[in-house]
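The values are calculated or read from the model by the stated rules, or taken from the named source; none is laboratory data. Quantities reported herein were computed from a predicted structural model and do not represent experimental measurements. Using ideal geometry, Cβ is built from the backbone for each residue, glycine included, and neighbour counts are taken over all protein chains shown. Surface accessibility is based on the protein's heavy atoms, side chains included, excluding ligands, DNA and RNA. Shrake-Rupley method; radii C 1.70, N 1.55, O 1.52, S 1.80 Å.
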Amino acid sequence: VGFASSSAARDVPSGQSITLHEVLIDAVDNQSWLRFRFIAPRIARVGGDITYGDAAADMEHLCASVAVPYMSEYELQGDLVVISLSDQETEFGTPNQDATQFFDAFRVKNMTCIWEAF
C-alpha cells in the first residue's frame, strides 16, 4: 500500500534541501513498516557533498518532523519507520546502480523517534 506525496523542500541539520517523494506501508516479517522516501540530490556519489555521517542527523530530524506528524495525521501505526534518502527518484524495490541511497530505521515510542540498528 502506498501514499504518493510530493512535498516542498525541507530544512534539515546538514542544510541540504530534501523533498518527500513518497510514503509506503508494507509488511516485513509480520511487522508493519512505514517507509518515508525522500529525494536528496546532494548525497550523490558524483558531485554531491553530503556524506552518510552528515545525513544521519537529517534522517533523525525527518523522522521527528515529518514521519511522526504524518503518522498522527493519517492515524498510522508502524512497528518500524524507515527514512530513506536518494539522490534521484527510484522505483521502490527495483535496483538502480546509479542511485546513491542512505537508510535509517526508527521505532516511534510516545511520539519520539528511537534509532534502530538494521
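Pick out, in residue order, every one of the trypsin sites (Lys or Arg not before Pro) in segment 1-95 that is DSSP loop and has at most 13 other C-beta atoms within 10 Å; say none if there are none. Here the sparse-neighbourhood loop sites are Arg45. The residue among Thr112, Ala67, Ala55 whose Cα reaches farthest toward the positive pole of the charge dipole of the chain, with charges on the beta-carbon of Lys, Arg, Asp and Glu, is Thr112. Grouping the Cα pair distances of the chain into 10 Å bins from zero gives a pair-distance distribution of 14, 49, 33, 4 percent in increasing distance order.
DSSP loop GluC sites (Glu not before Pro) in segment 23-89 with at most 11 other Cβ atoms within 10 Å of their Cβ, which ones?
Numbers: sites: Glu60, Glu73, Glu75, Glu89; in loops: Glu75, Glu89.
Sparse-neighbourhood loop GluC sites (Glu not before Pro): Glu75.
Axis of helix 52-62 versus longest Cα principal axis of the chain: the two differ by about 40°, to the nearest ten degrees. The fraction of accessible area contributed by carbon and sulfur in segment 1-112 is 48 percent, rounded to a whole number (1.4 Å probe; ligands and nucleic acids excluded). For the pair Ser17 and Thr112, label points projected 7 Å from Cα toward Cβ lie 3.5 nm apart.
With the other protein chains left in place, how much accessible area per residue, in square angstrom, belongs to segment 74-118 at a 1.4 angstrom probe? All intermediate terms of the calculation are to be shown ahead of the outcome.
Values: 2930 Å² over 45 residues.
With the other protein chains kept in place, segment 74-118 gives 65 Å² per residue.
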